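See structure below.
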Amino acid sequence: MADEFDVPESHPRYESLLTRHRIEAGVEKGITSTQGLIAEGRGEAFDYLLGERTTESADEAERVAAASLLLADHPVFSVNGNVAALVPGEIVELAEATGADIEVNLFNRTEERMEAIADHLREHGASEVKGLRADGRIPGLDHERAKVDADGIESADVVVVPLEDGDRAEALDSMGKTEIVIDLNPLSRSAQVAAVPIVDNILRAVPNITAHARELADEPASTLETIVSEFDSDAALAAAEEAIRHGDLQ
Ligand code: PTJ
């Protein structure tokens, strides 16, 4: 299939077709798991119901995420097989804009896939990719899924966990991390435990967090703290659910 994608941007389903193409290419390249195809289908259904747009409340959550990352002592962006296939270059830009580390963390961990994802991220400009050392642990998870880097996710104060499995999101929450979750399903456990749930397609969410981070970069800490403290995660989840259940489909 290679990397070419011939659909014109004017196509009404351009973004959804591009997403499918990237996920399929990710599977072929050994980056994305076959379960990732199923996760993609589920996300696509929610995105369709949302109107395939960034809602006002998601945009607000993305601004809060940017403020939270800028305030963090040690922010880390966690990357799985779907995330690496969908937004590799965009993650590198976000990491640069916020000073975050990038760490590969897989639900179905194999050394081959860890290496393939790290290589893929380096090809897209990442200078350092964590996760391969695996000298830290997330308590409460089985051995393979608990593996993290001691100087990465284990010691992070703020973690971005997109398209995350609910068990791991809960375990990270129990470790006291501030979690920023990107997930199109507002009812998923990951979104429910997040300090900052972002109900948006990762394709739109990551570049928008970066844009907010660039805009907020020179603001004093007090302004960023106000943005974070005024955020209501329950209201954000309720707004997303309302948009999905009762939004106008075009
Ligand atoms: O690469 P691995 O081994 O770490 O595995 C990754 C997957 C995604 C397969 C694994 O974490 C998994 O099974 O996840 P779940 O439990 O299916 O959850 C994925 C969530 O992401 C679901 O709630 C989907 O609705 C959501 N999702 C899927 N695609 C997108 C999305 N959210 C935002 N943007 C998307 N493009």
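All of the numbers you see were taken from the coordinates with simple rules; none came from a lab. Please read all numbers here as calculations on a predicted model, not as lab measurements. Cβ coordinates were reconstructed from backbone atoms using ideal geometry, including for glycine residues, and neighbour counts include every protein chain displayed.
Here are the numbers for the structure shown:
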| quantity | calculated |
| --- | --- |
| Additional length obtainable on full extension of the chain from ASP218 to MET175, 0.36 nm per residue less Cα span | 12.4 nm |
| Net +/- balance of residues flanking ASP135 in space, Cβ distance below 11 Å, scoring K and R +1, D and E -1 | +1 |
| Percent of beta bridges antiparallel (DSSP, the range 56-246, rounded to nearest 5) | 10 percent |
| Full-stretch length increase - SER229, ARG133 - with 0.36 nm per residue and alpha-carbon distance subtracted | 31.1 nm |
| Tail weight of P(r) past 19 Å, computed on alpha-carbon pairs of the range 72-123, percent | 22 percent |
| Integer Hz, Karplus 6.51/-1.76/1.60 couplings in order for the range 167-179, x for Gly and Pro | 4, 6, 4, 5, 5, 5, 4, 5, 6, x, 6, 7, 9 |
| Under 5 Å, built H, 5+ apart or other chain: amide partners of ARG137 | VAL148 |
| Footprinting exposure proxy for GLU241, GLU9 (fewest neighbouring C-beta atoms within 10 Å first) | GLU9, GLU241 |
| Most fluctuating residue given options HIS143, HIS124, HIS11, as computed from a GNM of the chain linking Cα atoms under 10 Å | HIS11 |
| Backbone HN-Hα couplings from phi across the range 60-65 [Karplus 6.51/-1.76/1.60, Hz, Gly and Pro as x] | 5, 4, 5, 5, 5, 4 |
| Karplus 3J(HN,Hα) series, Hz, for the range 189-206 with 6.51 cos²θ - 1.76 cosθ + 1.60 (x for Gly, Pro) | 4, 4, 5, 5, 8, 5, 5, 10, x, 10, 9, 7, 5, 4, 4, 8, 5, 5 |
| Ranked by how many other beta carbons lie within 10 Å on average, peptides 63-75, 17-29 from highest | 63-75, 17-29 |
| Dipole in debye (nearest 20) - the chain, about Cα centre, beta carbon charges: Lys, Arg +1; Asp, Glu -1 | 540 debye |
| Residue order, fewest to most beta carbons within 10 Å, for THR226, THR32, THR210, THR54 | THR226, THR54, THR210, THR32 |
| Surface/4 estimate of mean projected area, convex hull on alpha-carbon atoms of the chain, nm² | 12.8 nm² |
| Debye log10 I(q)/I(0) for the range 85-152, one point scatterer per Cα, at q = 0.13, 0.15, 0.16, 0.22 Å⁻¹ | -0.36, -0.48, -0.54, -0.95 |
